[in-house]
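Quick notes on the structure that follows.
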Amino acid sequence: MLELSNTRFAFLDVETTGLSPWFGDRICQVAVIATEGKRIKRTLDLLINPERELSPSAVHVNGLDEGELKSAPRFAEVAGQLDEALRDCVVVCHNAKFDIQFLDNEYRKLGRAIEFPNLIDTLLLARDYYDLPSYSLNRLAQDFHISTNIQGSRALADAITVKNLFFAMTDSLKSIGKSLEDLIGIYNSPAWPQEGVYLPTELSEAIHSGKRLFIKYMDKDGETSERWITPKEVIGLADYIYLQAFCHTREAERTFRLDRVIEFAVEVEAEK
């Protein structure tokens, strides 16, 4: 039986050039916090040359510098360090399907397939055991009184937040008798995701909230516009992932390429 106090964990976060490896997006940063129980044993924080440009949405989210990325090592050059950090660990990340599909894609380019026989997704953990209005990492951190004022890269800060969130949740789940084994799942390399496109948690929740969204959108010429929309459906077309929506600004149906949505916010309902 696994004991939390001496189990080896690897808290993982990746930053990417866009939203989908199926359309050519790549990893541009990866961070791992390796622990034995709650004791930190190793920290890995790597910039990676993705060999392609960042999408407008990625630039907005992770704030990475294109010049730094071009001079960073390629994934093949850091795969060994990542292997070592993840080996024989329970891998923990938030919204695991989104992050790990990118890792899977990178390893496939090296002629390898990845499997995580011990994987914990804090997003699924939160959804299974807690009734909360949002399950985004930042919102969960607020609900569990975890500081997100962390120095360092976006990937490293998120990996640290996942670590702190995981231990906060496991502490609270002791009262209902949940063992570590109860929380562990298995990951195998996927083909095209059968249940649809995997999206970042906040974006997915916003799209499926049923509420109007305020978005800032950058078109192919780099022009930015602001508009209110009501999302209808996320679809994968020949070149990328698109959001079909009713645009209240244009009073018409419109299709938006998701990696060009550089900012979004869910409409706040007025109190009655």
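The values are calculated or read from the model by the stated rules, or taken from the named source; none is laboratory data. Remember, it's a predicted structure, so these values are computed and weren't measured experimentally. Here Cβ is always computed from backbone atoms with ideal geometry, including for glycine, and neighbour counts include all displayed protein chains.
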Practice prompt. Taking Leu12 as the residue in question, decide whether it is surrounded by 21 or more Cβ atoms within 10 Å (Cβ to Cβ), modelled with pLDDT of 95 or more and more than 28 Å from Val234 (Cβ to Cβ).
Written response: no
Worksheet, complete the sentence: Flagged in segment 246-272 as in a strand (DSSP E or B), of a type outside the set (Phe, Trp, Tyr) and more than 26 Å from Asn62 (Cα to Cα), in numbering order, are Cys247, Ala252, Glu253, Arg254
Practice prompt. Output the qualifying pairs, or none if there are none: Cβ atoms under 6 angstrom, residues six or more apart or on different chains, first residue in segment 43-57 and touching a residue at least 12 places away in the same chain (Cβ under 8 Å) and crowded, with 22+ Cβ neighbours inside 10 Å, second residue part of a loop (DSSP other than H, G, I, E, B) and among the hydrophobic types (A, V, I, L, M, F, W, C).
Written response: Ile48/Ala72
Worksheet item: Quick one: in segment 242-272, which of the residues that are of a type in the set (A, V, I, L, M) and farther than 16 Å from Glu202 by Cα is surrounded by the most Cβ atoms within 10 Å (Cβ to Cβ)?
Response: Ala245
Worksheet item: Any residue in segment 150-166 that is surrounded by fewer than 22 Cβ atoms within 10 Å (Cβ to Cβ), hydrophobic (A, V, I, L, M, F, W, C) and over 25 Å from Leu46 (Cα atoms)?
Response: no
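Going by the structure shown, is Ala85 more than 19 Å from Trp22 (Cβ to Cβ) and either surrounded by 14 or more Cβ atoms within 10 Å (Cβ to Cβ) or not β-branched (Val, Ile, Thr) (or both)? Let's see the steps before the verdict.
Numbers: more than 19 Å from Trp22 (Cβ to Cβ): yes; either surrounded by 14 or more Cβ atoms within 10 Å (Cβ to Cβ) or not β-branched (Val, Ile, Thr) (or both): yes.
In short, yes.
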Item to complete: Just need a number here: residues in segment 107-149 that are among the acidic types (Asp, Glu), under 21 Å from Pro200 (Cα atoms) and over 15 Å from the mean Cα position of the chain (by Cα).
Response: 3
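Condition test on Thr161, is it in contact (Cβ under 8 Å) with a residue 24 or more places away in the chain and under 19 Å from the mean Cα position of the chain (by Cα)? Spell out the reasoning first.
Numbers: in contact (Cβ under 8 Å) with a residue 24 or more places away in the chain: yes; under 19 Å from the mean Cα position of the chain (by Cα): yes.
Spelling it out, Thr161 is indeed in contact (Cβ under 8 Å) with a residue 24 or more places away in the chain and under 19 Å from the mean Cα position of the chain (by Cα).
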Response to the item:
Selection from segment 194-232 of residues farther than 23 Å from Thr17 by Cβ and either of a type in the set (Lys, Arg) or not in a strand (DSSP E or B) (or both) yields Gln194, Glu195, His208, Ser209, Gly210, Lys211, Arg212, Arg227, Lys232
